1. Nearest 0.05, what FRET efficiency do Phe138 and Arg224 give at R0 = 35 Å with Cβ-Cβ as r?
2. I want to check the label-to-label distance for Ser281 and Ala157. Put each point 7 Å from Cα in the C-beta direction and report it in nm to one decimal.
3. Within the range 202-289, list the trypsin sites (Lys or Arg not before Pro) lying in a DSSP loop whose Cβ has at most 16 other Cβ atoms in a 10 Å radius.
4. If you place +1 on the Cβ of every Lys and Arg and -1 on the Cβ of every Asp and Glu, how big does the dipole about the Cα centre of the range 178-313 come out, in debye to the nearest 20?
5. When the dipole is taken about the Cα centre of the range 261-313, and only Lys, Arg (+1) and Asp, Glu (-1) are charged at their Cβ, what size is it in debye, to the nearest 20?
6. Tally up the carbon and sulfur contribution to the accessible surface of the range 196-313 as a whole percent, 1.4 Å probe, everything protein left in place.
7. Per residue, how many Å² of accessible area does the range 123-259 show with a 1.4 Å probe?
8. Would you mind getting me the FRET efficiency between Glu114 and Glu38? Use the beta-carbon distance for r and R0 = 22 Å, nearest 0.05.
Amino acid sequence: MTARDRRMREQAVDWLVRLTGDPDDEALQLAFERWRAEDPAHAEIFARAQRAIGDASLLIRREPEFAQRAVKRTGSRRKTATALAAIVSVGAGIFVALDGALWMQADVIAGKGERPILTLEDGSTLQLNAQSAVAYQFTSAERRIVLLRGEAFVQVAADSQRPFVVKAGGGTTTALGTAFDVNLTDDGTSVTVLEHAVSVATDAAMPPRRVAVNEQVSYDHDGRLGFVTPVDPFVAAAWRQGRLVFEERTIASVVEEIGRYVPGKILIADASVGARRVSGSFDLSDPVGALQGLAEAFDVKVTRIGPYVTILR
């Protein structure tokens with residue numbers, strides 16, 4: 001990414017924050033239109049910022065009653081008023097700015113429900129799961145991918161002079177001529193190998209682990225590396241065919257996967273519900289139906305607050 005690209009991204013996010021915070025300011029709107037007309041790239045990069053950050057700002061703009069529901073149990077009227085003021089006045093800006101920071105780091109971001117396949121400059125292919133983001137840097141000495149969010153499947157092109165490394169969370173995965181999947185979640189990172197082998201190392205003081213075909217290893221955010229275990233390749237690759245297949249996974253982790261395809265946020269109100277382990281298979285072409293099917297199959301109640309917030313309990 002060039003310095004010019006970064007500067008335009010910063011400007012686009014700045015405009016998005018300002019316009020979201022004060023959508024009725026005509027002078028601000030005119031200034032924005034002048035900026036957008038200065039360069040054809042401005043309109044495109046602003047549209048990309050809107051797509052990358054859209055859900056958070058839509059939640060505030062289109063569902064202001066969510067703020068009222070969210071704080072109705074805060075206690076005194078003074079506390080409620082303070083909470084409402086915080087959500088309404090700065091909530092959209094904070095949400096947008098947080099995702100905007102990620103957007104400015106990433107070279108590619110997949111939106112809700114998207115699973116793009118990219119061909120990299122060395123001939124390797126990279127497929128992103130929905131709601132995933134990556135940055136990459138290829139030099140004469142190394143090919144490096146940074147998984148900033150979500151999940152990526154890599155089919156590595158041979159190059160004996162430059163190792164292929166994926167950085168995710170507190171660890172790195174080095175390809176040994178292979179195809180593999182890296183999934184970064186709230187719980188940590190899992191690496192699944194579908195061809196040949198990889199070497200997985202963490203930032204903690206541990207020797208790296210070799211992971212062979214049809215094997216998986218996970219590490220947490222502190223870099224603690226787990227044991228290598230066998231894995232069903234069909235389960236590991238299911239998301240690439242539009243299915244979610246899980247065996248003995250927590251409901252929280254399954255919901256996190258489905259949440260990559262459902263607009264807005266899914267919240268689990270009861271920790272004991274999120275900790276339950278379940279197995280199943282769902283069609284991701286209908287993620288709302290998949291979430292409803294999960295709830296019905298495992299006796300979980302679903303409450304929706306407008307189109308952008310879903311609560312499980």
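The values are calculated or read from the model by the stated rules, or taken from the named source; none is laboratory data. Note that this is a predicted model, so its numbers are computed, not measured. For neighbour counting, all protein chains shown are included, and Cβ atoms are generated from backbone atoms with ideal geometry for every residue, glycine included. These accessible areas exclude ligands, DNA and RNA; they are computed on the full protein's heavy atoms, side chains included. Shrake-Rupley method; radii C 1.70, N 1.55, O 1.52, S 1.80 Å.
1. Calculated transfer efficiency: 0.70.
2. Here the modelled spin labels are 3.5 nm apart.
3. In loop regions of the range 202-289 (DSSP not H, G, I, E or B), the sparsely surrounded trypsin sites (Lys or Arg not before Pro) are Arg224, Arg276.
4. 220
5. 220
6. Reported share for carbon and sulfur atoms: 54 percent.
7. 42
8. 0.15
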